[in-house]
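Following: one structure in structure tokens, then a few remarks.
The values are calculated or read from the model by the stated rules, or taken from the named source; none is laboratory data. Quick caveat, the model's predicted, so the values are computed rather than measured. Please note: Cβ atoms are built from the backbone with ideal geometry, for glycine as well, and neighbour counts cover all protein chains shown.
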Protein chains: 2
Amino acid sequence: MSHYQQLEQHYRKLSRFAHLGAICGWDQAAMMPAGGAQARQEAMAELAVLMHQLATAPELAERFAAAEQEPLSQGQRASLAAMQRDWQQQTLLPEKLVAAKSLAGSKCEHAWRSQRPANDWSGFLANWREVVALSREEAQIRAAAQGCSPYDAMVDLYEPGMSSAQLDDIFGQVKRWLPSMIDQAVAKQANQALVQPSGHYPASEQKALGTAVMQLLQFDFTHGRLDESTHPFCGGVPTDVRMTTRYSEQEFVQSLMGIVHETGHGRYEQGLPQQWAGLPVGRARSMGIHESQSLFFEMQLGRSPEFIAHLAQLAQQHFSQFDPQLFSVANLQGLYSQVQKGYIRVDADELTYPAHVMLRYEIERDLINGQIEPEQVPELWDHKMQQYLGLSTAGNDRQGCMQDIHWTDGAFGYFPSYSLGAMYAAQFMASIRQQLPVSELVAKGELGPIFAWLADNIWSQASLHSTSELVIRATGQDLNPEYLRQHLQQRYL
Amino acid sequence: MSHYQQLEQHYRKLSRFAHLGAICGWDQAAMMPAGGAQARQEAMAELAVLMHQLATAPELAERFAAAEQEPLSQGQRASLAAMQRDWQQQTLLPEKLVAAKSLAGSKCEHAWRSQRPANDWSGFLANWREVVALSREEAQIRAAAQGCSPYDAMVDLYEPGMSSAQLDDIFGQVKRWLPSMIDQAVAKQANQALVQPSGHYPASEQKALGTAVMQLLQFDFTHGRLDESTHPFCGGVPTDVRMTTRYSEQEFVQSLMGIVHETGHGRYEQGLPQQWAGLPVGRARSMGIHESQSLFFEMQLGRSPEFIAHLAQLAQQHFSQFDPQLFSVANLQGLYSQVQKGYIRVDADELTYPAHVMLRYEIERDLINGQIEPEQVPELWDHKMQQYLGLSTAGNDRQGCMQDIHWTDGAFGYFPSYSLGAMYAAQFMASIRQQLPVSELVAKGELGPIFAWLADNIWSQASLHSTSELVIRATGQDLNPEYLRQHLQQRYL
């Protein structure tokens, strides 16, 4: 067996343990009764130790070197590189730092759960300073190995190949048109009269509706399921995707679109190439590309008038006892494109969302690069919220810089992925529209050709190319935020 | 850390991996879509390899010897002994034999799935000879290590401490009174007129009913769930018990009692001592004792007139649209105690069940000890069926010796556990009746004191004592089939 084949065997073994962890992780969120938590945590921690040992096995270094000398196909070269990247990222940090960051992060996150509702910034800051300090230490080590800035090294964990130079450029462009576009959209919608859902929408009926929509979206139920959890996610493994959602029985609109969103994640996973299953190169390309698929499904496809017509029809079938006005295409479209300046990112609409991300990006970039200190964050937050959305968070940190979980345990560098996803999605759709009569196809419910484009250009490509190359191969050019602008302008103005 | 403590650590680690396997095993049966099967099997196989490595780690032998020299509590001594037993059983067989038996067993079982409906004995025999040969080889190796007969060594895997001398004695007694008791019961019931369930009993309503009954049986839903699978089982881990059932929508009687049965298994697991969690000594005592708990719930408690009164009331609440005659206590009691001579063990009633087990015991004992050959089995089966139940299976092997899965992959020695369970259950109930007004308590739905007896005497004792000691401590005497006879006589004559 060649060195490369031995490496494949090693990573496939690792992925089998990851499989068990993914299923048990899903179970923990969707199925497990409360009393099972402690023993489960212990079991998952034991698995994490084993997987870390396998992922950082010292003998891999030599094997990589030996495999590099072997005759490999192009795909195998990409596969080897992906293994090496994975190994380097996992072995770079001293165990002591990993343990300290994990401890400080858990402590800060746990306390944050009560500090946030209490608006207790100073209490939060006391724990968070340590999280920031350890994250900076991590970022510096990674930066030294990669020859980039500390923040860029953190971004690279989620969006390999992305830099703050590129992000500065992208968000610099967005900043020029977004605030005024938001103002115009809000003004345009000012006198809109919409029928809001009212009454009782049983979860079981919402699930039946969601399942019908997933079928329309060609989710493969022989390789996946839909269940419920407090925080919706898409987990499991590519051959067995576990999607979750949550239902409010007061309305069906949110959960339904949530299902469309998660289905995008799910189909990406289901569409990953069997040939590279279990290997790092066979994984989804990046967080931004993953989000591009969920946002393609939700924003490009799901909120288009043609798709909303399908949703309207299906929803009316499942909730036939309600006011038919609610299910008119125009009304549902109105509900699904309301623009509102708000404090909370997770509640934000498509148009204001990038403002929330830009703000976080600018703050976390400077924080990790050591240009600002943790105690300055509330003031900067307030300042940028006023600038981008005209809202002040002074003295209101629970709705300001304390609202997200990401920073509490040191996941700096993640936020840009959300907006990158929206931009990739818009760019992919613009390309597809050049090749296919998208509106007609969607109107007829013939989504196959659109999914075939995604399958060919994105899903089946896994991590065989860099993100930038993937985008260029798919669309003929590198990431260009102009497509998002055009999409938003067309939808909201 | 002492050697003994290091051993505890090792076995607790092993149990954490077993935890992941138990949850993923449950998922496979109750949740997984068909397309997830192959990758899951690979992941489970990888886990099995890891667990086998941990369970057979060569360094354990020395550590056992060192731990034996340490000052240990009585419980720790029992714990150490249970570890040693586990290690010995897992290391005794050459890897080659384990692999060959597993392969031959899979092949035979797989082919059996179509050979059984086709009544293809000669096709089955062609594969089965190899399974028997390899099982004999296994039995001989185990027998040599333990100084007992080959068959006794196999029984010991499921019912440690049990011997064929004792089984011969027990089943010898049963054989003297069972056939005539069956005949009398059948005659007595000849003119019984019962209202059979008819109509449609939706699975969702049956689940609600089953859940209500589990609550009456004090199943702890913060440490467990009820789901569905093709073959009902009780899986998961003691802190998170996963029970399954299956519903036929044509009637509710079978599934309801199936839930009562599995709840007995579930409460035993939930009642295992926290102190010994994750260690071999903390596991359930034996297959027979496990079955004694499910049969205690099903036969001793569940089919008593006082408990059936609760079932009748609950069932009528959930299925109020049906004929109230169906839910009279006398009618339900009649349905739950019908005696019928039949070919199939899994469909057998309480009274005829031991006949099915005796027959299998006598055949597998002689087969493993080399006193009969595989080709003689159909004739022996037919002969014994005629003797015990007055039925001939000549030329009808699909309803005869090909009906069970157990022998197809070499699980010889398991069958006696079913009847041992029934005997232990009757003996436990006889003891409890001496201390508690059982009928009154059950009538009032006050099951707490009965469960407290089981918790104190059985559940919390795990594997701290031998089965025989456990039974003597609980009831004042060793296993005595006379209690089962008295119970059956009282119920059926």
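Observations on the structure shown:
- Some residue of the stretch A:17-35 being of a type outside the set (A, V, I, L, M, F, W, C) and touching a residue at least 40 places away in the same chain (Cβ under 8 Å): yes
- Residue A:113 being modelled with pLDDT under 95, part of a helix (DSSP H, G or I) and among the basic types (Lys, Arg): yes
- Residue among A:84, A:88, A:76, A:115 that is within 27 Å of the chain's Cα centre (by Cα) and under 15 Å from residue A:3 (Cα atoms): A:84
- Count of the stretch A:116-129 residues which are outside any helix (DSSP H, G or I) and crowded, with 18+ Cβ neighbours inside 10 Å: 1
- Residues of the stretch B:225-241 satisfying the condition of being of a type in the set (Gly, Ala, Ser) and either outside the structural domain of residue B:291 (by TED's automatic domain parsing) or buried (at least 20 other Cβ atoms within 10 Å of the Cβ) (or both): B:235, B:236
- The stretch A:65-83: number of residues that are buried (at least 18 other Cβ atoms within 10 Å of the Cβ) and under 22 Å from residue A:284 (Cα atoms): 6
To keep it simple, each residue is scored yes or no on (1) farther than 23 Å from residue B:419 by Cβ; (2) outside the structural domain of residue B:170 (by TED's automatic domain parsing); (3) hydrophobic (A, V, I, L, M, F, W, C).
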site: B:305; (1), (2), (3): yes, no, no
site: B:311; (1), (2), (3): yes, no, yes
site: B:315; (1), (2), (3): yes, no, yes
site: B:369; (1), (2), (3): no, no, no
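- Selected residue (only one of B:382, B:404 is part of a loop (DSSP other than H, G, I, E, B) and charged (D, E, K, R)): B:404
- Look at (1) part of a helix (DSSP H, G or I); (2) farther than 24 Å from residue B:309 by Cβ; (3) under 14 Å from the mean Cα position of the chain (by Cα); (4) away from chain A (no Cβ under 13 Å) and you find that residue B:275 fails only one, number (3).
- Some residue of the stretch A:363-371 being surrounded by fewer than 19 Cβ atoms within 10 Å (Cβ to Cβ), out of contact with any Phe, Trp or Tyr (no Cβ under 9 Å at 6 or more places or on another chain) and within 28 Å of residue A:140 (Cα to Cα): yes
Residue-by-condition table, conditions (1) without any contact (Cβ under 8 Å) to a residue 24 or more places away in the chain; (2) assigned to a helix (DSSP H, G or I); (3) hydroxyl-bearing (Ser, Thr, Tyr):
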site	(1), (2), (3)
A:417	no, yes, yes
A:420	no, yes, no
A:433	yes, yes, no
A:470	no, yes, no
A:473	yes, yes, no
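- Subset of the stretch A:1-33 [more than 23 Å from the chain's Cα centre (by Cα), among the aliphatic types (A, V, I, L, M) and more than 9 Å from every other protein chain (Cβ to nearest Cβ)]: A:1, A:7, A:14
- Lone unmet requirement of (1) under 26 Å from residue A:160 (Cβ atoms); (2) surrounded by 20 or more Cβ atoms within 10 Å (Cβ to Cβ); (3) within 14 Å of chain B (Cβ to nearest Cβ) for residue A:53: (2)
- Hey, residue B:376 closer than 29 Å to residue B:190 by Cα and polar (S, T, N, Q) or not: no
Residue-by-condition table, conditions (1) in a helix (DSSP H, G or I); (2) under 25 Å from the mean Cα position of the chain (by Cα):
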residue: B:264; (1), (2): yes, yes
residue: B:289; (1), (2): yes, yes
residue: B:295; (1), (2): yes, yes
residue: B:308; (1), (2): yes, yes
residue: B:314; (1), (2): yes, no
residue: B:317; (1), (2): yes, no
residue: B:322; (1), (2): no, no
residue: B:326; (1), (2): yes, no
residue: B:333; (1), (2): yes, yes
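- Per the conditions (1) under 23 Å from residue B:158 (Cα atoms); (2) without any contact (Cβ under 8 Å) to a residue 12 or more places away in the chain, the sole criterion not satisfied by residue B:79 is (2).
- Test: residue in the stretch A:91-99 that is within 14 Å of chain B (Cβ to nearest Cβ), in contact with a Lys or Arg (Cβ under 7 Å, 6 or more places away or on another chain) and surrounded by 17 or more Cβ atoms within 10 Å (Cβ to Cβ): no
- The conditions of being of a type in the set (S, T, N, Q), in contact (Cβ under 8 Å) with a residue 60 or more places away in the chain and not in a loop (DSSP other than H, G, I, E, B) are not met by residue B:463.
- Matching entry among B:261, B:265 (being more than 14 Å from chain A (Cβ to nearest Cβ) and under 18 Å from residue B:332 (Cα atoms)): B:261
- Selection status of residue B:446, in the same structural domain as residue B:264 (by TED's automatic domain parsing), loosely packed, with under 14 Cβ neighbours inside 10 Å and part of a helix (DSSP H, G or I): no
- Checking each residue in the stretch A:184-197 for being in contact (Cβ under 8 Å) with a residue 12 or more places away in the chain and either touching a Leu at 6+ places or on another chain (Cβ under 8 Å) or exposed (fewer than 14 other Cβ atoms within 10 Å of the Cβ) (or both) picks out A:184, A:185, A:188, A:192, A:194, A:195, A:196, A:197.
- Residues of the stretch A:1-17 satisfying the condition of being crowded, with 20+ Cβ neighbours inside 10 Å and hydrophobic (A, V, I, L, M, F, W, C): A:7, A:14, A:17
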